[in-house]
Amino acid sequence: MKRNILCGMKHSLALLLLAMALMPASVSAKDKLGLPAQGIALNTLTSPNTAVATPEPMIKVGSKAPDFSLKMPSGKILKLSSLRGKYVLLDFWGSWCPWCIKGIPEMKKAYAKHKRKLKIVSIDCRDTEERWREALDEYKMPWLHVKDEPTVGTPSLYDVHGYPTKILINPNGTINFIFVGEDAEFYTKLDQALRK
């Protein structure tokens, strides 16, 4: 029995090493293992010898941020374009996402540090209305909040495939950077962008 377990472990390790070897060369070992940035995402492994049609991302750095209108907890509608003139951080999150929740204390610090230049808009994705409101009461995040609606599909509009996803928009409405996951590197990038 011990021999069967050992053979199974060797087989699993061999598959992991093979999968890592087949990843594109431009992906670092940290990225292959999903470290250090943490979040929830679907990853696809492809062989360098496989021809895969990769669609052009719907949004990218330098492109204009798509406008949207979503409901805030008060029932009022927030239109993204109404925030033009300041930096805006879109924070795609959900109460079901452990990395989103883990990042809240650091987001509070970043908000306190930059609130004169920055508006944060947390966009709740996939929660029920009741769970969204409970999470807002529980975590007391002092910035703007909206709830995605299936008819709007804001995560699709912004090509979000992992949570949390944070997108910094410049005062002129163009995308400054996109960050997926929860990591100290995000806060460094935010500090650098807002120093300008």
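The values are calculated or read from the model by the stated rules, or taken from the named source; none is laboratory data. These numbers were taken from a predicted model, which means no experiment stands behind them. All Cβ positions, glycine included, derive from the backbone under ideal geometry; neighbour counts span all protein chains shown. These accessible areas exclude ligands, DNA and RNA; they are computed on the full protein's heavy atoms, side chains included. Shrake-Rupley method; radii C 1.70, N 1.55, O 1.52, S 1.80 Å.
Look at segment 130-148: where a residue is under 14 Å from Ile104 (Cβ atoms) and a partner is among the β-branched types (Val, Ile, Thr) and part of a helix (DSSP H, G or I), sitting 6+ places away or on another chain with Cβ atoms under 8 Å, you get Tyr139/Ile101; Tyr139/Ile104; Met141/Ile104.
For segment 112-128, filtering for residues that are out of contact with any strand residue (DSSP E or B) (no Cβ under 7 Å at 6 or more places or on another chain) and of a type in the set (A, V, I, L, M) leaves 1. Within segment 127-148, is there a residue that is at pLDDT 95 or above, within 13 Å of the chain's Cα centre (by Cα) and crowded, with 17+ Cβ neighbours inside 10 Å? Within segment 127-148, none of the residues are at pLDDT 95 or above, within 13 Å of the chain's Cα centre (by Cα) and crowded, with 17+ Cβ neighbours inside 10 Å. Of the set (1) open to solvent by 10 Å² or more (accessible area, probe 1.4 Å); (2) in contact with a Gly (Cβ under 8 Å, 6 or more places away or on another chain); (3) over 25 Å from Thr174 (Cβ atoms), all apply to Cys97 but (1). Condition test on Ala65, is it more than 22 Å from Ile175 (Cβ to Cβ) and either modelled with pLDDT under 95 or not β-branched (Val, Ile, Thr) (or both)? Considered against the rule, which asks whether it is more than 22 Å from Ile175 (Cβ to Cβ) and either modelled with pLDDT under 95 or not β-branched (Val, Ile, Thr) (or both), Ala65 comes out as no. Residue count for segment 61-117 satisfying the condition of being within 18 Å of Ala184 (Cβ to Cβ) and in a strand (DSSP E or B): 3. The lone criterion from (1) open to solvent by less than 30 Å² (accessible area, probe 1.4 Å); (2) in a strand (DSSP E or B) left unmet by Ile178 is number (1). A search for C-beta distances below 7 Å between a residue of segment 164-190 that is more than 18 Å from Lys64 (Cβ to Cβ) and any residue that is open to solvent by less than 70 Å² (accessible area, probe 1.4 Å) and hydroxyl-bearing (Ser, Thr, Tyr), counting only pairs 6+ apart in sequence or on different chains, returns Val180/Thr165.
Looking only at segment 149-175, residues that are in a strand (DSSP E or B), surrounded by 21 or more Cβ atoms within 10 Å (Cβ to Cβ) and not aliphatic (A, V, I, L, M) come to 3 in all. Looking at Lys147, Lys196, Lys140, just one residue is on the phi > 0 side of the Ramachandran plot and not aromatic (Phe, Trp, Tyr), and that residue is Lys140. Quick one: is Ala110 out of contact with any helix residue (DSSP H, G or I) (no Cβ under 6 Å at 6 or more places or on another chain), at pLDDT 95 or above, more than 18 Å from Ala65 (Cα to Cα) and among the small types (Gly, Ala, Ser)? No, not satisfied.
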